Amino acid sequence: MENIEGKVVVITGASSGFGKISAEYLSERGALVALGARSTDKIEKLAKEINDKGGKAIAVTTDVKDKDQVKKLVDEAVKEFGKIDVMLNNAGIMPLSPLENLKIEDWDSCIDINIKGVLYGIAAALPHMKEKKSGQIINVSSVAGHTISPGSAVYSATKHAVRVISEGLRQEVKPYNIRTSIISPGAVDTGLPGSVTDDSVSGNVKDFYKDTAISADSFARALIYAISQPEDVDINEILYRPTKQKL
Ligand SMILES: NC(=O)c1ccc[n+]([C@@H]2O[C@H](COP(=O)([O-])OP(=O)(O)OC[C@H]3O[C@@H](n4cnc5c(N)ncnc54)[C@H](OP(=O)(O)O)[C@@H]3O)[C@@H](O)[C@H]2O)c1
């Protein structure tokens with residue numbers, strides 16, 4: 001497909017959900033993919049499946065809480081494929097809970113993975129893209145990056161932060177011809193509800209997803225749309241929801 005074939009795409013959180021389906025969609029369309037996540041077995045299996053089908057994929061165990069590991073993921077991609085065209089900062093968790101339940105470890109992980117992980121992805125990709133005066137950094141926010149509801153204060157804060165960081169980046173990288181996109185989905189059927197640790201909300205979250213969530217294809221199609229645009233078109237945000245999702 002135009003503007004996807006031959007592109008090198010680095011994906012964090014590639015072991016499941018959006019990251020996994022994105023790797024599949026992209027490689028089917030001729031992109032070369034570098035898969036990062038903590039679950040080595042899952043990303044190695046996915047890389048093998050892609051390579052067995054004639055695609056090109058590498059797997060690099062990556063915890064986005066560790067900036068050196070994120071740099072290694074990007075550097076391995078550049079070493080293997082010669083460049084990086086797209087950085088998809090996708091890894092994230094959604095440990096929803098009311099603040100009064102004081103799930104402080106969840107707050108720390110959510111901030112470290114969802115905000116600092118995205119910053120580390122930007123730090124790893126930017127020097128390569130600046131040098132080439134080309135590239136696209138795609139950060140995954142959420143409808144929760146536009147809204148707030150009881151139980152989502154910290155998660156929403158991280159997703160608002162992703163949008164703010166992305167807009168700041170967009171303005172700063174103009175001299176380097178780098179494009180920046182935010183993809184902000186609503187409820188989509190992935191492993192994400194499994195990251196809720198608070199028993200007082202996990203049942204409601206699972207029920208909400210069961211009733212409302214749409215297929216992860218929706219994310220892959222939005223991603224393909226953003227990446228396949230010509231170089232003078234900068235898709236800055238795609239915000240979408242299930243048709244039946246109210247807030
Ligand atoms: N599904 C939705 O409804 C929805 C809506 C809006 C936004 N989002 C966002 O979409 C992104 C992807 O989530 P998903 O829905 O695809 O959920 P998912 O199926 O649970 O996938 C999350 C991915 O993030 C990875 N991850 C978690 N912690 C990590 C860490 N410390 N280092 C590296 N990778 C890590 C996981 O891999 P490992 O566990 O193997 O590390 C997994 O591959 C997240 O940022 C999420 O907030 C999802």
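The values are calculated or read from the model by the stated rules, or taken from the named source; none is laboratory data. Keep in mind it's a predicted model, so treat the numbers as computed, not measured. No Cβ is skipped: glycine too gets one built from the backbone with ideal geometry, and neighbour counts run over all protein chains shown.
Conditions (1) of a type outside the set (Asp, Glu); (2) touching a strand residue (DSSP E or B) at 6+ places or on another chain (Cβ under 8 Å); (3) over 16 Å from Asp68 (Cα atoms), marked per residue:
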| site | (1), (2), (3) |
| --- | --- |
| Gly92 | yes, yes, yes |
| Trp107 | yes, no, yes |
| Gly121 | yes, yes, no |
| Ala125 | yes, yes, no |
Original post:
Of the residues in the stretch 187-220, how many are assigned to a helix (DSSP H, G or I), farther than 17 Å from Pro150 by Cα and free of Cβ contacts under 8 Å to residues at least 60 places away in the same chain?
Top reply: 5
Original post:
Can you tell me how many residues in the stretch 11-30 are in a loop (DSSP other than H, G, I, E, B) and either out of contact with any helix residue (DSSP H, G or I) (no Cβ under 8 Å at 6 or more places or on another chain) or within 13 Å of the ligand (Cβ to nearest atom) (or both)?
Top reply: 5
Original post:
Which residue pairs have Cβ atoms closer than 6 Å, lie 6 or more positions apart in sequence or on different chains, and pair a first residue in the stretch 98-115 that is among the polar types (S, T, N, Q) with a second residue that is part of a loop (DSSP other than H, G, I, E, B) and within 12 Å of the ligand (Cβ to nearest atom)?
Top reply: Asn114/Gly92
**OP:** Return the only residue of Tyr225, Tyr240 being away from the ligand (no atom under 12 Å from the Cβ) and of a type in the set (Ser, Thr, Tyr).
**Re:** Tyr225
Original post:
If we scan the stretch 34-53, do we find a residue that is in contact with a strand residue (DSSP E or B) (Cβ under 6 Å, 6 or more places away or on another chain), within 17 Å of Lys83 (Cβ to Cβ) and in a loop (DSSP other than H, G, I, E, B)?
Top reply: no
**OP:** Give the stretch 97-118 a look and list any residue that's touching a Lys or Arg at 6+ places or on another chain (Cβ under 9 Å) and either in a loop (DSSP other than H, G, I, E, B) or more than 12 Å from the ligand (Cβ to nearest atom) (or both), or say none.
**Re:** Ser97
Original post:
Based on what the data block shows, is Ile224 touching a strand residue (DSSP E or B) at 6+ places or on another chain (Cβ under 9 Å) and among the hydrophobic types (A, V, I, L, M, F, W, C)?
Top reply: no
**OP:** Would you check if Lys71 is within 24 Å of Ser39 (Cα to Cα), modelled with pLDDT of 95 or more and among the basic types (Lys, Arg)?
**Re:** yes
Subject >> Matching residues in the stretch 227-242 - criterion: being touching a strand residue (DSSP E or B) at 6+ places or on another chain (Cβ under 9 Å) and assigned to a loop (DSSP other than H, G, I, E, B) >> reply: Gln229, Glu231, Val233, Asp234, Ile235, Asn236, Arg241, Pro242
**OP:** Name every residue in the stretch 127-145 that is under 18 Å from Ser97 (Cα atoms) and surrounded by fewer than 16 Cβ atoms within 10 Å (Cβ to Cβ), in order of residue number.
**Re:** none
Subject >> Filtered residues of the stretch 33-65 (kept if free of Cβ contacts under 8 Å to residues at least 24 places away in the same chain and of a type in the set (A, V, I, L, M, F, W, C)) >> reply: Ala47
